[in-house]
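One structure below.
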Amino acid sequence: MSEPHSSPAVTPHSVTPQLLSVARGDSPADLLLGNARIINVFSGEIESADIAISGGFITGVGSGYEAREVVDLRGAYVAPGLIDAHVHIESSLCLPAQFAAAIVPRGVTTVIADPHEIANVAGAAGVRFMADASRQLPLRVILMAPSCVPATDLATAGAKLTANDLRQLLDAGVVHGLAEVMNFPVVIHGEEEVLRKINAFNGRPVDGHAPGVSGKQLCAYIAAGIGSDHESVTVEEAREKLSRGMYVLIREATNARNLEALLAMITESNSRRICFCTDDRTPIDLLEQGSIDSMLRRAIQRGVDPITAIRCCTLNPAEWFQLHDRGAIAPGRVADFFVFDELARPTARAVYARGQLVAQDGRAMFEHPAVPLPPDAVRDSVRIQTNLIETNAKVRGSRIRVIGLRPDQLITDVIEHTNPMVRDGYVVSDPDRDVLKMLVIERHEATGRVGIGFVRGFGLKRGAIAGTFAHDHHNIIAIGCNDAPLLTAAFSIARWGGGLCVVDGMDELGPTLRLPIAGLMSDRPIKEVAEDYRKLLAAARELGSTLHDPFMAMSFMALEVIPSLKLTDRGLIDVDAMKVVDLFV
């Protein structure tokens, strides 16, 4: 269904006499959807009309058309296919085809995908692999160029992408624009290499990532050419960004839930600058809650006008990302849309992609294409030493810096913890006070380097959890109550070539989920992956965690571009100051 990755983001179609003949009503269309109530995102009205489709495009909207196939919708609503304005497919823990199987039946027909997870492991080869794996799907995957690989020099990634590398991906048609520019301090201060990257995408959409940035610093960030942001957590922050010219992408991810807090910002005056996105969602949330379709329903339930809410998922992102072939039901647009029955609760009962019925009643009706053979950089991505440099923190004071988790947020607090638990001269986990040891083990170059820190908020009473999914460098990350389960978990997932696991007690391996594709994704069906993930969450709850998803929460404890305190293989990172700080105060 989708074009090869070397094609432009906007689907080309030849203007032919036959196409115009169909549009005039002189020749029959391929398909006619009759008696539809169309969500007109241009006029803001609901229009009763027929929809004529030929060659995968909408050729006419109105009455009096004929077609070789006619479907009578009997007054059902039809809306443009939904567009997720920013997502990392890798967070589904599945390949693009399985990701599509989960979201296309919900009416999502286009995603703006940033493959920076796999790029931080495998570089340009990983980006090209995701492009190849997204071919021939009813889901249109618009890849953006990962702007920050590595995110900063405060962590060790598996690759580095320069401005020249990104330009090559653009020239080859692999990417459409520049993905979230996360290292906002270097943008604001005009670092040459990041400006080269931005300039390489002059005239293309450039996405932002500026948590908490405001005032003159925000002005500098936007002046660099960055046009959107999905990191706002308050109405005030989002309004300032929008008023300075940004598109605000309201995010509702598995571990970053901002929809409820930001819906109050949507007004009739500013709604055309607002899009919805999911960013990172696990396979369970995708299957049980959905994608931006769930955001759409919740927005309407909370009082947002239905057509306004639908625009946030269709026309608005199409315009921001220069995808003028989609986002509306109009002549010349790609025939991507979904059929539903209740305006107050849009739930797809039929989904069309390029004029083909691809899902009905929540079931995918398309075959999955063959998965391309992953390159070596994707298949062989976990390399660690058996003798690590150091995994203990020798006591050097009575106060330590502890990462304070905020439930359902990516921002963390800096906690100064007094009188930490000490054993044999080393600081250890203190489950009674919910202060747990955390390790980040470099896994790309087998340096043996380990970052050692402590975190509060996970609630484990015994055992450990670990994974190779750790934003954005994706080194091995482990959190636990004792050293034995921490190291058992870390070395176990290293032996498999990547994954997630739980270790109960001291060294008893519990549920596991193997992720052989870059240590990030499985090659199995998403329902099987989700079932294994459920077992992991249940095991983590047995260990004492009350978090909605401790594995997704853990993955962000290593992301050194979101304030305030994080841990990488280089050590504790003060994100506000962008520097390594000592464990001890």
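The values are calculated or read from the model by the stated rules, or taken from the named source; none is laboratory data. These numbers were taken from a predicted model, which means no experiment stands behind them. Heads up, the Cβs are rebuilt from the backbone with ideal geometry, glycines too, and the neighbour counts pull from every protein chain shown. Each accessible area value is taken on the protein alone, full model and side chains, heavy atoms only, with ligands, DNA and RNA left out. Shrake-Rupley method; radii C 1.70, N 1.55, O 1.52, S 1.80 Å.
Some points to look at:
- Number of the exception - Ser134 against (1) surrounded by fewer than 24 Cβ atoms within 10 Å (Cβ to Cβ); (2) farther than 21 Å from Ala224 by Cα: (1)
- Qualifying residues in segment 541-556 (those that are of a type outside the set (Ser, Thr, Tyr), in a loop (DSSP other than H, G, I, E, B) and surrounded by fewer than 24 Cβ atoms within 10 Å (Cβ to Cβ)) - the one modelled with the lowest pLDDT: His548
- There is at least one residue in segment 173-189 that is of a type in the set (D, E, K, R) and within 20 Å of the chain's Cα centre (by Cα).
- Only one of Ile310, Ile329 that is in a loop (DSSP other than H, G, I, E, B) and within 24 Å of Asp72 (Cα to Cα): Ile329
- Residue list for segment 23-38, restricted to those being farther than 22 Å from Thr109 by Cα, touching a Ser or Thr at 6+ places or on another chain (Cβ under 8 Å) and surrounded by fewer than 20 Cβ atoms within 10 Å (Cβ to Cβ): Ser27, Asn35
- Residue match in segment 442-452 (condition: part of a helix (DSSP H, G or I), open to solvent by 10 Å² or more (accessible area, probe 1.4 Å) and either over 30 Å from Glu416 (Cβ atoms) or modelled with pLDDT of 95 or more (or both)): no
- Only listed residue being more than 30 Å from Ala179 (Cα to Cα), open to solvent by less than 40 Å² (accessible area, probe 1.4 Å) and part of a helix (DSSP H, G or I), chosen from Ala490, Ala494: Ala490
- Pairs where the first residue, in segment 549-568, is without any contact (Cβ under 8 Å) to a residue 40 or more places away in the chain and the second is open to solvent by less than 10 Å² (accessible area, probe 1.4 Å) and not in a strand (DSSP E or B), C-beta under 6 Å, 6+ apart: none
- Screening Val575, Val529, Val580, Val502 for residues that are of a type in the set (Val, Ile, Thr), in contact (Cβ under 8 Å) with a residue 24 or more places away in the chain and closer than 26 Å to Glu180 by Cα leaves exactly one candidate, Val580.
- Residue within segment 427-434 that is surrounded by fewer than 16 Cβ atoms within 10 Å (Cβ to Cβ) and in contact with a Lys or Arg (Cβ under 7 Å, 6 or more places away or on another chain) present: no
- Looking across segment 514-540, the residues that are under 18 Å from Cys481 (Cα atoms) and crowded, with 18+ Cβ neighbours inside 10 Å come down to Leu536, Leu537, Ala539, Ala540.
- Residues of segment 366-405 satisfying the condition of being farther than 26 Å from Ile103 by Cβ, at pLDDT below 95, open to solvent by 60 Å² or more (accessible area, probe 1.4 Å) and part of a loop (DSSP other than H, G, I, E, B): Asp380, Arg383, Gln385, Thr386, Asn387, Ile389, Glu390
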